[in-house]
Amino acid sequence: MNNSNPKDMVSGILSAVGIAGAVLELFYRPFGVGPVAFVLVMIGIVMSSKHRRLSSLALAAVGVCFMIGASIAVWDSNPLY
């Protein structure tokens, strides 16, 4: 039997949405998308410990993509937020 509860499922979805936000912030306004992705991943971490590895990967992706996206935006003279 599958022993997953709704909290685990929502936690995994929030982590996946956080990864999608991390990729999005590379190309579109990192200071607008980054904090939202960070908050979603943090909520996912607090909700459940079943997807801890995915949440850790998502948190690292948000941080790294934020730095790279902000650097690209400054270098290319695009708006940051």
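Of note:
- Looking across the stretch 40-63, the residues that are within 13 Å of residue 20 (Cα to Cα) and not small (Gly, Ala, Ser) come down to 40, 41, 54, 57, 59, 62.
- Subset of the stretch 5-32 (residues that are assigned to a loop (DSSP other than H, G, I, E, B), of a type outside the set (Phe, Trp, Tyr) and either within 9 Å of the chain's Cα centre (by Cα) or at negative phi (or both)): 5
- Residue that is in contact with a Gly (Cβ under 6 Å, 6 or more places away or on another chain), under 30 Å from residue 77 (Cβ atoms) and surrounded by 15 or more Cβ atoms within 10 Å (Cβ to Cβ), where the choices are 35, 30: 30
- The conditions of being in a helix (DSSP H, G or I) and in contact with a helix residue (DSSP H, G or I) (Cβ under 7 Å, 6 or more places away or on another chain) are not met by residue 80.
- Unmet requirement for residue 49, which otherwise passes all of (1) surrounded by 15 or more Cβ atoms within 10 Å (Cβ to Cβ); (2) more than 8 Å from the chain's Cα centre (by Cα); (3) over 21 Å from residue 78 (Cα atoms): (1)
- Scanning the stretch 33-62 for residues that are part of a helix (DSSP H, G or I) and either free of Cβ contacts under 8 Å to residues at least 12 places away in the same chain or aromatic (Phe, Trp, Tyr) (or both) turns up 35, 38, 39, 46, 52, 53, 56, 60.
- Residues of the stretch 52-73 that turn out to be crowded, with 22+ Cβ neighbours inside 10 Å and closer than 30 Å to residue 4 by Cα, as a count: 3
We did not get these values from a lab; they are worked out from the coordinates using the rules stated. Owing to the predicted nature of the structure, the values given are computational and were not obtained by experimental measurement. Every residue, glycine among them, receives a Cβ derived from its backbone with ideal geometry; neighbour counts consider all protein chains shown.
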